Amino acid sequence: MAVTQRRLSLAASSGSLDSVAGSEKPSDEKCADEFVYTKHAEDGVFAWMVVLAGCVQAMITLGASRAHGVYQEYYMVDEFAQMSTATVSWIGSVQNTTLNLCGVFVGILSQVLDTRIMCAAGSLLMGLAFILASLSTQVWQLVLTQGVMYGAAASFPYILGVTVPLQWIKRRRGLALAVVYMGSGVGGMWISILTRYCIDTVGRAWSHRIIGFIMIAVGVGLSPLIMSRRPARRPERILDLTVVREWRFLFIAVASFFAMGPNTIPYILLPTYTADVLKESSRLGSTLVTIINVSGIFGRFVAGVLSDRFGPVNMLIVWTLLAAFSQLGIWLPFPTVRAAVASAALFGVTGASIVGMILNALSHQYGVTRITYISGLIYMTYSVSSLLVVQTTSLMLDTVGHGTNYTWPIVYTGLLLVVAGVVLVAFRIKLSPRIAFVV
């Protein structure tokens, strides 16, 4: 009790978030009784094992989504060459939309079900989705299997894999999230390489089967570690929307809508951009996706360390504006291989880290006891934005760009990130106008 009072007095004297917001901020200490304290302590060895398990879950879920550009290029150039970009893009856009849209349902179910069982079931179904995709020969079939079924199933190990570890880590939460999301970069890297190799050697169908079997084996095998510290119990309200009316949530939701929507565009457009504009081989397109994922590993680590030091909101502003610069300052004005490589590298460091940094900001604003549910609401905004942005970008490329001019899709992506940066700056000022304020 004395510790809590001392913290509140220090917060009041330093102009902290509580005094700025005019309301009491939820704290993990006040919800400590909601946790199940077993022999495994927070910040201990087991806690970091949960973090590593979350890292691998992100690797096979979000990593596979990040590698979709390889499939997109194959569909556009070979299997469905006669179809428009907008039509084929439904596979990837529906996949990403469903992956995030189901986050709120994962959050609700995580309050009443064992997270380990949920994670295992999702891993099994997402692997089966890829195996069924290997039997699909039409775009609509791939939309249902590689898109809807995979996205809905993968949301379970993905959402749980990135939120449950937060319940176990307190002192280095930014670093823990960085480690978890580094998995998506690692996964995007090796899954892109493996997918390209399999397509070239054994064909697209077997590439789907091989990835599907890996998802099942790895995902189900690591599910026992995705163990929530909260007891499974029925909440007072299944769908509690009171948080939606809070100004902090609204700011973060609007920022995520503009920032995370264009998050997948470079992954999707760069492979076809290299063939249509740079006139380079398909291998360069796969290499650019790999560059994004490799640099994302470094970017997530740096973002996590700096967020622990300077605050997640502060670093989120910097990373978002740098991501916008990678599109508007490098990719747009310089249609060269070197510029494409530089843009991919900078976007990998910054843009690929935005999702994890937003989740880190949420944990600092609301604590971690309900982070799975609250983050699920944020991921809903991401899912709507992702669908709108991907389809709008594809329509721009088909209509204004006539399939070969990428100017307006790049401008559109960059401007969305600029708007997100402006919203975050306004949020930061409302939290505190002090430049040196860590938030």
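Could you work out the helix-only [θ] at 222 nm for the chain, with each DSSP H run of four or more residues adding -39,500 (n - 2.57) and the total divided by the number of residues, to the nearest 500 deg cm²/dmol?
Numbers: 19 runs with 305 residues, N = 439.
Calculated at 222 nm, the ellipticity per residue is -23000 deg cm²/dmol.
Mind checking the full-extension length gain between Asp200 and Phe80? Use 0.36 nm per residue of separation minus the Cα-Cα distance, one decimal, nm.
Working: separation 120, 0.36 × 120 = 43.20 nm, distance 1.65 nm.
Length gained between Asp200 and Phe80: 41.5 nm.
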How long, wide and thick is the chain, going by the Cα atoms along their three principal axes, in whole angstroms, largest first?
69, 44, 34
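Translational diffusion coefficient of the stretch 124-163 at 10 °C, 1.306 mPa s, Stokes-Einstein with Kirkwood Rh over Cα pairs, in µm²/s as a whole number.
157
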Note, the stretch 48-64: 3J(HN,Hα) by Karplus (6.51, -1.76, 1.60, θ = phi - 60°), whole Hz, Gly/Pro = x, goes 6, 5, 5, 4, 5, 5, x, 4, 5, 4, 5, 4, 8, 9, 5, x, 5
Cα-based Rg/(2.2 N^0.38 Å) for the stretch 289-439, rounded to two decimals, is 1.11
Both in Å, the radius of gyration and Dmax of the C-alpha trace of the stretch 237-294 are 18.5, 56
Zone of Phe298's modelled label, taken as backbone nitrogen in the stretch 320-364 under 17 Å from a point 7 Å along Cα→Cβ
322-323, 326, 338-354
Could you list Cys198, Cys119 so that the one with the fewest beta carbons within 10 Å of its beta carbon is first and the one with the most is last?
Cys198, Cys119
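Kindly state, to the nearest 0.05, the FRET efficiency for Leu415 paired with Phe310, given R0 = 30 Å and r defined as their beta-carbon distance. Before the final figure, lay out the partial values.
Numbers: r = 26 Å, r/R0 = 0.88.
For Leu415 and Phe310, the calculated efficiency is 0.70.
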Here the FRET efficiency for Phe46 versus Leu395, based on Cβ atoms and R0 = 56 Å and rounded to 0.05, is 0.70
Expected max-MSF residue from Glu246, Glu73, Glu280 in the GNM of the chain (alpha carbon, under 10 Å) is Glu246
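Pulled fully out, how much extra length does the chain show between Asp114 and Val318, if you take 0.36 nm times their separation in residues and subtract their Cα-Cα distance?
Details: separation 204, 0.36 × 204 = 73.44 nm, distance 3.76 nm.
69.7 nm is the gain from fully extending Asp114 to Val318.
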Among 208-215, 361-368, how do they line up from the highest to the lowest mean number of other beta-carbon atoms within 10 Å?
361-368, 208-215
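Read-outs: derived from the displayed coordinates by stated rules, not from any lab. Source: prediction; values computed, not measured. Virtual Cβ from ideal backbone geometry, glycine too; neighbours counted across all protein chains shown.
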